[in-house]
Amino acid sequence: MRVLISSTSGYGHIFPMVPLARALQAAGHTVLWATTSEASPLIAAAGIEVVPAGLTHAEHIRARDALVAAASDVRPDEMGEYMFPRLFGGAATPRMLADLLPLATAWAPDLLIHEQGELAAPLVAAVLDRPCVTHSFGGATPPSVVQEAGAYVAPLWVDHGRAQPPYAGCYRSAYLDICPSLIQTVPLEHISRILRLRPVPWAGPDPERLPEGLEVESAAPLVYVTLGTVQNRAARFKAAVDAVASLAVRVLVTVGPDNDPALLGRQPTNVTVERYVAQTAVLPRCAAVVSHGGSGTVLAGLGHGVPQVCLPQAADQFRNAEGVERSGSGRSLRPDAAGAEAIADEVRTVLQEPAYRRNAGLVRAEIDAMPAPAAVVEQLERIVSTGELAFGGLT
């Protein structure tokens, strides 16, 4: 098969798809990935051919910041539902479609795979009458939000003489679901074909090693603190780091590749601050994770059975935090309650109460039982070979 993968620029949207792309290559299929030029080195480092397409990262940031500025009256827990249709549908899709359609027409893929935030691929698939599979980047996006995004991209379907199916054309062939049911918060009845896919962490091209001194065994548990690569503002970090540093633990803080570790100022001796450390190196040694509740961190942490304290800020983080609490695998604090003392109390609780690690272990067991990428490749091979997923052939 010739498989065309498309994505937006976010690490959290790219990393979940890399294991499937590599599994497709390992099975002998040809893979081409279309994404922003700034994210292309990440894909190339995974050994996957990549071409630039869509908004540049700078253009994406400008569009995002303009939407945030216009949403001063939107509550943090509603910001994801506000931003998704406008950013991924309204701002990103026209440019991606302009690049992706001629690319796909010339390259002639047998299958398109797009992440949930990239909404040009379903239209490209409709024009070319090819199967198109939607790949989740975490828990499912609420159907009403995807429908609203569809309203933003509907004129593009009209321009190409196509009637837009529900949900912006997503899910017509299949949906690759990487979210364990124990933390899924969105019902999936609106999706007719779901292929379960184990979330396999991919840490990027950097070496998988811990900072000096953290590799050695210690009686003090290791707590990992991260706010991802988007919601990682210095002011938001301070309360979390101060809280965890006050406990009898070792602390590893990653501030993101675009931030300077010095932004947190001088720290006590039990705190190590880095730009980036591969989570695959950190998580096996962790006693707890304190994070923004991003899908990648939550799934990777629970994939190692590590309990969580979620400090959601925006996007899908509130749904992830709800799923963590519902499963009993961690705790969460809303932004207006996330002071240093409250954070310290929550971290202390997940460290001291065995139920949190036990329940995180149950989520890990579910993740371990989900089909591996290689098994999903076999499913895609069988279905595509029969033409069952052809876009135009579905009702």
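In the complete set of protein chains, residue-level accessible area for Glu208 is approximately 120 Å², probe 1.4 angstrom. Across segment 92-174, the fraction of Cα-Cα pairs farther apart than 23 Å, rounded to a whole number, is 11%. Here segment 310-388 is treated as a sphere whose radius is the Kirkwood value from Cα pairs; by Stokes-Einstein at 4 °C and 1.567 mPa s it diffuses with a coefficient of 86 µm²/s.
In this structure segment 287-384 gives 37 Å² per residue of accessible area when probed at 1.4 Å with all protein chains present. In a fully extended conformation the segment linking Glu353 and Ala45 would gain 106.8 nm over its present Cα-Cα distance, using 0.36 nm per residue.
Overall, the accessible surface of the chain at a probe of 1.4 angstrom is composed of carbon and sulfur to the extent of 52 percent. Ranking Tyr276, Tyr356 from most to least accessible surface, computed with a 1.4 Å probe over the protein chains only, gives Tyr276, Tyr356.
Taking all Cα pairs closer than 8 Å and separated by 6 or more residues, the relative contact order of the chain comes to 17 percent. Summing Lys and Arg as +1 and Asp and Glu as -1 over all other residues whose Cβ lies under 13 Å from the Cβ of Met96 gives a net charge of -3.
When the charge dipole of the chain is built from unit charges on Cβ atoms (+1 for Lys and Arg, -1 for Asp and Glu) and taken about the Cα centre, the candidate among Gly387, Ser218, Thr56 whose Cα reaches farthest toward its positive end is Ser218. Counting only DSSP beta bridges with both residues in the chain, the antiparallel share comes to about 0 percent. Under Stokes-Einstein, with the Kirkwood radius over Cα pairs as Rh, the value for segment 155-202 at 20 °C and 1.002 mPa s is 166 µm²/s.
Rounded to the nearest 20, the Cβ-based charge dipole of the chain about its Cα centre (Lys and Arg +1, Asp and Glu -1) stands at 240 debye.
For the pair Asp65 and Glu378 in one chain, pulling the backbone fully straight at 0.36 nm per residue adds 108.6 nm over the alpha carbon distance. Net charge dipole, segment 274-390: roughly 260 debye, given to the nearest 20, about the Cα centre with Cβ charges of +1 for Lys and Arg and -1 for Asp and Glu.
The Stokes-Einstein estimate for segment 1-155, based on a Kirkwood radius over Cα pairs and taken at 37 °C with 0.692 mPa s viscosity, is a diffusion coefficient of 208 µm²/s. Of the residues Ser136, Ser332, Ser385, ranked by 1.4 Å probe accessible area with the largest first, the sequence reads Ser385, Ser332, Ser136. The Rg/Rh ratio of the chain, with Rg taken over Cα atoms and Rh as the Kirkwood radius over Cα pairs, comes to 0.97. Span-like helix check, the chain: no full DSSP H segment qualifies, none having both a Cα axial length of 27 Å or more and a mean Kyte-Doolittle of 0.0 or more. Our helix-only sum for the chain, with -39,500 (n - 2.57) per DSSP H run of n ≥ 4 divided by its residues, gives a mean residue ellipticity at 222 nm of -12000 deg cm²/dmol.
Cα centroid separation, segment 99-166 to segment 322-353: 37 Å. Of the whole protein surface, Leu195 contributes about 10 Å² of accessible area at a 1.4 Å probe radius.
Rounded to the nearest 10 square angstrom, Asp159 shows an accessible area of 120 square angstrom against a 1.4 Å probe.
The values are calculated or read from the model by the stated rules, or taken from the named source; none is laboratory data. For clarity, every value in this text was computed on a predicted model and none was experimentally measured. Neighbour counts run over all protein chains shown; Cβ positions are idealised from the backbone, glycine included. Accessible surface areas use protein heavy atoms only, side chains included; no ligands, DNA or RNA. Shrake-Rupley method; radii C 1.70, N 1.55, O 1.52, S 1.80 Å.
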